[in-house]
Amino acid sequence: MPEPDALDVPLVDVELLTEIRLTTGVMIAAQSFDRPLTPGEIDLILEVRPQLRPAARR
């Protein structure tokens, strides 16, 4: 019986898989629009909240 190869392991990159899922979601949603998506629409598709900006100082 051959010896197992120590480098023969499955590779899983959780961050990369997450980015692929997010990008795929945007691409699928964008197909139903006949114009570029606004940043707000992309946030809704990705189910993220826009970051709050601090109020401008006077």
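The values are calculated or read from the model by the stated rules, or taken from the named source; none is laboratory data. Everything numeric here is computed off the predicted structure, so don't read it as measured data. In this analysis, Cβ positions are derived from the backbone assuming ideal geometry, glycine residues included, and neighbour counts consider all displayed protein chains.
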task = Would you please list the contacts, defined by Cβ atoms under 9 Å and residues six or more apart or on different chains, that run from a residue in segment 14-32 that is in contact (Cβ under 8 Å) with a residue 60 or more places away in the chain to a residue that is in a helix (DSSP H, G or I) and polar (S, T, N, Q)?
result = none
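So that you can scan it fast, the table gives a plain yes or no per residue for (1) among the acidic types (D, E); (2) in a loop (DSSP other than H, G, I, E, B); (3) at pLDDT 90 or above; (4) surrounded by 10 or more Cβ atoms within 10 Å (Cβ to Cβ):
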site	(1), (2), (3), (4)
M1	no, yes, no, no
I28	no, no, yes, yes
R35	no, yes, yes, no
D43	yes, no, no, yes
V48	no, yes, no, yes
R57	no, yes, no, no
